Amino acid sequence: RQWLPGAEGIVAKASSDDLFNEGETLPSLYDEAVRRTREALRYGKLKAILWHQGERDAYEQYAPLWAGKVEEIASSLRSDLKCGPVPFIAGETNEAFERSTFINPEIQGLPKMLSRCDYVRAEGCLGNKNQKSFSRQGVTLLGHRYASKVLQMVYGWSPEKADAVCRLGGEQAYAGAPLDNDGMYTLCDFDARCCAVGEANTRFSV
């Protein structure tokens, strides 16, 4: 709901939004995403949009409305960025998250509503101790699945070739990776304008 075009900005909190003063209104999430992308487009081309969001909508009353709202956001992004129907790829929430059963079916159904859209599964992507966020191991595997889907949708690779390059041929590639499941990964957090990491993640975080 906060990502919809025309939504109001979020009021900064002193504890998390350290680049803004407490009480100051941050730019809306949608407007900020468009601004950042337009800046990036000065140096390259937009190949795809990755959308990883859903746990805040993983409630019985919100989940059925999720896909319609994301369709509106995706259509507006494609229009405002003048990028045509670039691939739009959504990702499931952590399966260990207790309310994932509300939202993951909606994520899986998004391609039926939106052109050139697909999703990546979170099966086997381990979570951290709060069972909401992914562990380092889990977020790495999920990232490879996003990469495989981009290779298929943007560059026309076969699923077999893309999966092989992205090491999806066997989960054993991740079995020896550090679980690092004490902290939380918040990558490219448009709310806080920072990368927040748990103490246990600091040696692995970028």
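The values are calculated or read from the model by the stated rules, or taken from the named source; none is laboratory data. Fair warning: this is a prediction, and the values are worked out from it, not measured in the lab. Because the Cβ atoms are built from the backbone with ideal geometry, glycine has one as well, and the counts that use them run over all protein chains shown. Keep in mind that these areas ignore ligands, DNA and RNA; they rest on the heavy atoms of the full protein, side chains included. Shrake-Rupley method; radii C 1.70, N 1.55, O 1.52, S 1.80 Å.
A few remarks follow.
- Test for Lys112: is it among the charged types (D, E, K, R), farther than 27 Å from Arg42 by Cα and free of Cβ contacts under 8 Å to residues at least 12 places away in the same chain: yes
- Residue satisfying condition, being closer than 30 Å to Lys129 by Cβ and open to solvent by 50 Å² or more (accessible area, probe 1.4 Å), within set Arg42, Arg1, Arg99: Arg1
- Count - residues of segment 102-114 that are open to solvent by 70 Å² or more (accessible area, probe 1.4 Å) and either within 18 Å of Ala74 (Cβ to Cβ) or acidic (Asp, Glu) (or both): 3
- For segment 138-178, the candidate set comprises residues that are at pLDDT below 80 and not small (Gly, Ala, Ser); within that set, the residue that is surrounded by the fewest Cβ atoms within 10 Å (Cβ to Cβ) is Gln172.
- Verdict on Ala12 being modelled with pLDDT of 90 or more and surrounded by 16 or more Cβ atoms within 10 Å (Cβ to Cβ): no
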